[in-house]
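Step one of this worksheet: look at the structure below.
The values are calculated or read from the model by the stated rules, or taken from the named source; none is laboratory data. Keep in mind that this is a model prediction, so the values were computed, not measured. Cβ atoms come from the backbone with ideal geometry, glycine included; neighbour counts cover every protein chain shown.
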Amino acid sequence: MYYWDLFFLLYGVLILIVGVLIGVAFLTLLERKVLGYIQLRKGPNKVGFIGVPQPFSDAIKLFTKEQTYPVMSNFYLYYFSPVFNLFLSLLVWLCVPFFSMFFSFSLGALYFLCCASLSVYTVMLAGWSSNSNYSMLGSLRAVAQTISYEVSLALTMLSFLILVMGLNLLDFKIYQSMEWFIFLCLPLCMIWFVSSLAETNRTPFDFAEGESELVSGFNVEYSGGGFALIFLAEYSSILFMSMLCCLLFLGSNFEVYIFFVLLGFVSFLWVWVRGTLPRYRYDKLMYLAWKSYLPVVLNYLLFFLGMKIFICAWLI
């Protein structure tokens, strides 16, 4: 019986990973189409029916290209950093609360924070091992940015964990059955969204990949398969953060179709922001994290904590 359980568990993980990778493929197509229409052009429309197979042809092209390795690079770290980056971005999906036979995470929020904090090491090592000034600068920026915004991200999540009094992500479904958290805490929702943009190194916070100043940043020496793996990891993180936004603020009900429509809409917001806003200035990015978001989130955290203590004392 134990072996069958293990088999179904691994089968579920495989289906999840394949589903995420297919979702990532179509998210890239959505991004290119939306950016095309924002810039008054068509986007990919030559391959197949209105360009639908375009992401798969891109993947085949990237993985069959010749791999180039910098002569002075630290080869093994350079080679395995993108692999671990993708591995971590797929591993974080295991905390998704499934109702079927799958992993049961009573500490899902803690698991997410651990996996999210580990991903910064892969970017740092990818930039350092390339032995290029541009990639080193990009990785240093990514480390500073990720650490700064992880603080506001963790404290925002902690505020809601105090509200639901648990670390299981399934608790959010119970507490949002009558009212979504976005209506109760709109400022926190906006802070979470902007911090998620900064955490996933997306426009207007894409300083680690600043093409205009760092020639593509930490991934400047990567080509072919290595670049494709970094690309997949980034878009997998975007999809996961979109799912987490829906989980924390937009009802968290996996049983209804509207949840997945909302997930698609939040993913679209990532693309919309990229097509609309210019790149932020780096010093303002840091000021935003430490001087604006941190005080607001700490105030909310103390407010929720005081409210919970008051309610518990009143009930006793």
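Figures for the structure shown
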{"read-out": "Residue in the stretch 57-70 that is charged (D, E, K, R) and in a helix (DSSP H, G or I) present", "value": "yes"}
{"read-out": "Residue within the stretch 66-88 that is within 18 Å of Ser267 (Cβ to Cβ), buried (at least 18 other Cβ atoms within 10 Å of the Cβ) and touching a residue at least 60 places away in the same chain (Cβ under 8 Å) present", "value": "no"}
{"read-out": "Enumeration of residues in the stretch 146-197 that are of a type in the set (Ser, Thr, Tyr) and out of contact with any helix residue (DSSP H, G or I) (no Cβ under 8 Å at 6 or more places or on another chain)", "value": "Ser177"}
{"read-out": "Selection within the stretch 264-316 - of a type in the set (D, E, K, R), in a helix (DSSP H, G or I) and within 24 Å of Ser139 (Cβ to Cβ)", "value": "Arg274, Asp283, Lys284"}
{"read-out": "Qualifying residue in the stretch 128-145 (condition: farther than 30 Å from Asp283 by Cβ and among the aliphatic types (A, V, I, L, M))", "value": "no"}
{"read-out": "Subset of the stretch 50-65 that is crowded, with 16+ Cβ neighbours inside 10 Å and among the aliphatic types (A, V, I, L, M) - its residue that is farthest from Trp272 (Cα to Cα)", "value": "Leu62"}
{"read-out": "In the stretch 1-49, the residues that are exposed (fewer than 14 other Cβ atoms within 10 Å of the Cβ), in a loop (DSSP other than H, G, I, E, B) and of a type outside the set (D, E, K, R)", "value": "Met1, Gln39, Leu40, Gly48, Phe49"}
{"read-out": "Failed condition for Val13, given (1) more than 24 Å from Phe227 (Cβ to Cβ); (2) free of Cβ contacts under 8 Å to residues at least 24 places away in the same chain", "value": "(2)"}
{"read-out": "Pairs, first in contact (Cβ under 8 Å) with a residue 24 or more places away in the chain and over 17 Å from Leu294 (Cβ atoms) in the stretch 155-181, second part of a helix (DSSP H, G or I) and of a type in the set (Gly, Ala, Ser), C-beta under 7 Å, six or more apart", "value": "Leu161/Ala109; Leu167/Gly108; Leu167/Ala109; Asn168/Gly108; Leu169/Gly108; Leu169/Ala109"}
{"read-out": "For Gly210: the one exception among (1) crowded, with 21+ Cβ neighbours inside 10 Å; (2) closer than 30 Å to Thr64 by Cβ; (3) modelled with pLDDT under 80; (4) small (Gly, Ala, Ser)", "value": "(1)"}
